[in-house]
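Chemist: Can you read through this structure? Questions will come right after.
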Amino acid sequence: MTLRTAYAPSQKALHWLVAALVCVLVPMALAMANLPDGALKNALYEWHKSFGLTVLALALARLLVRAARGAPPLVAGLPVWQRRAARASHLALYALIVLVPLLGWAGTSACCAPVMLYGTLPLTLPVSGGMPVGEAILKVHQVAAFTLVALVALHVGAALHHHVVRRDGTLRRMWLGRGER
């Protein structure tokens, strides 16, 4: 039996799809929050909600694939603190890529229904309380989103450290294509 040193193609595809969507969602959120009311702002909100629900679906798929496929072991030679930090940060990333869209969905459902997936499928959650509840949930959504951005920055920095400084193959394990096996 050969020890697996890279993630499965399905895991890589889901990782990079979620990463790409998050990289679109963050500037979209900043833009829509700072635009004057109007058609562009409304369109950005609708796209943001749909992309967020897509991230949630992909994140849940990632969790299922991860449960089924597992992950390759961490590279040899890492200090214990780095192993613990890697596990904790990955757990936090998984939690936030589920929590952030759930909070956005719940907050929007409470204050600003309907929630429509790409303008076609109604997916409003049964959250009551109107604008006060919706705004409170959306404030938590915003804090969680900024926390996710900070964690992603840390994740990217760690991946680059492994690739440029340690040269240990960590980044290649998740890079698209064959990578290491």
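The values are calculated or read from the model by the stated rules, or taken from the named source; none is laboratory data. Small disclaimer: the values here were computed from a predicted structure and weren't measured. So basically every Cβ, Gly included, is an ideal-geometry build from the backbone, and we count neighbours across all protein chains shown. What goes into the accessible areas is simple: the full protein's heavy atoms, side chains included, and nothing from ligands, DNA or RNA. Shrake-Rupley method; radii C 1.70, N 1.55, O 1.52, S 1.80 Å.
Chemist: Any idea what diffusion coefficient segment 1-74 gets from Stokes-Einstein, in µm²/s, Kirkwood Rh on alpha carbon pairs, 25 °C, 0.890 mPa s? Could the numbers behind the result be given before it?
Modeler: On the way: Rh = 14.1 Å.
Diffusion coefficient, whole number: 174 µm²/s.
Chemist: Let me ask something additional. Which value, in Å², gives the accessible area per residue of the chain when a 1.4 Å probe is used on the protein heavy atoms?
Modeler: 59 Å²
Chemist: Right, here's the next one. Quick one: which residues, 5 or more positions from MET116 or on another chain, have an amide H under 5 Å from its amide H? H modelled 1.01 Å from N in the peptide plane, none for Pro or chain starts.
Modeler: Placed amide hydrogens put LEU123 under 5 Å from MET116.
Chemist: For a test of the definition: using alpha carbon positions, the gyration tensor, and the 1.5 limit on a/c, classify segment 91-181 as rounded, prolate or oblate.
Modeler: Values: a/c = 4.64, a/b = 2.32, b/c = 2.00.
In terms of gyration-tensor shape, prolate.
Chemist: What 222 nm value per residue comes from the helices of the chain, counting each DSSP H run with n ≥ 4 as -39,500 (n - 2.57) and dividing by all residues, nearest 500 deg cm²/dmol?
Modeler: Result for the chain, helices only: -24500 deg cm²/dmol.
Chemist: Show me, for segment 110-119, the HN-Hα J-couplings you get by feeding each phi into the Karplus relation (A = 6.51, B = -1.76, C = 1.60, θ = phi - 60°), rounded to Hz, glycine and proline as x.
Modeler: Values, residue by residue: 6, 9, 9, 4, x, 9, 10, 7, 6, x Hz.
Chemist: Compute the relative contact order of segment 16-87 as a whole-number percentage, counting only Cα pairs closer than 8 Å that sit 6 or more residues apart in sequence. Spell out each step's value before the answer.
Modeler: Numbers: 22 pairs, mean separation 22.0, N = 72.
Reported as a whole number, the value is 31 percent.
Chemist: Relative contact order, percent, of segment 89-144 when contacts are C-alpha pairs under 8 Å separated by at least 6 residues? Walk me through the numbers on the way to the answer.
Modeler: Working: 67 pairs, mean separation 22.5, N = 56.
Value for segment 89-144: 40 percent.
Chemist: Can you grab the distance from the C-alpha centre of segment 29-51 to the C-alpha centre of segment 116-181, Å, no decimals?
Modeler: With segment 29-51 and segment 116-181 each reduced to a Cα centre, they are spaced 19 Å.
Chemist: Over its Cα atoms, what ratio of radius of gyration to 2.2 N^0.38 Å does segment 118-160 give? Present the calculation step by step, with values, prior to reporting the outcome.
Modeler: Details: Rg = 15.7 Å, N = 43, 2.2 N^0.38 = 9.2 Å.
Against the compact-globule rule of thumb, the ratio is 1.71.
Chemist: As a test of the definition: which semi-axes, in Å, follow for the chain when you take the square root of five times each eigenvalue of its alpha carbon gyration tensor? Largest first, please.
Modeler: Numbers: eigenvalues 240, 54, 45 Å².
Equivalent ellipsoid semi-axes, largest first: 35, 16, 15 Å.
Chemist: Separate question: Can you give the relative contact order of segment 1-140 as a percent, counting alpha carbon pairs under 8 Å and 6+ residues apart? Present the calculation step by step, with values, prior to reporting the outcome.
Modeler: Values: 126 pairs, mean separation 32.9, N = 140.
Once divided by the residue count of segment 1-140, the mean separation gives 23 percent.
Chemist: Follow-up. Tell me, what ³J(HN,Hα) does each residue in segment 64-71 have, in order and in whole Hz, if you take phi through Karplus 6.51 cos²θ - 1.76 cosθ + 1.60 with θ = phi - 60° and put x for Gly and Pro?
Modeler: 5, 5, 4, 5, 7, 9, x, 9
Chemist: Okay, moving on. For the modelled label position 7 Å from the Cα of HIS161 along Cα-to-Cβ, which residues of segment 84-105 have backbone nitrogen atoms closer than 14 Å?
Modeler: 84-90
Chemist: Whenever you get a sec, compute what percent of the accessible area on the chain sits on carbon and sulfur atoms (1.4 Å probe). Write out the running numbers ahead of the final one.
Modeler: Values: 7660 of 10610 Å².
Solvent-exposed carbon and sulfur of the chain make up 72 percent of the total.
Chemist: Hey, what do the phi angles of segment 73-79 turn into as Karplus ³J(HN,Hα) couplings, whole Hz, using 6.51/-1.76/1.60 and θ = phi - 60°, x for Gly and Pro?
Modeler: For segment 73-79, the Karplus curve yields x, 4, 4, 5, x, 7, x Hz.
Chemist: Can you tell me which lysines have their Cα less than 18 Å from the Cα of LYS49? Leave out same-chain residues fewer than eight positions away.
Modeler: LYS41, LYS139
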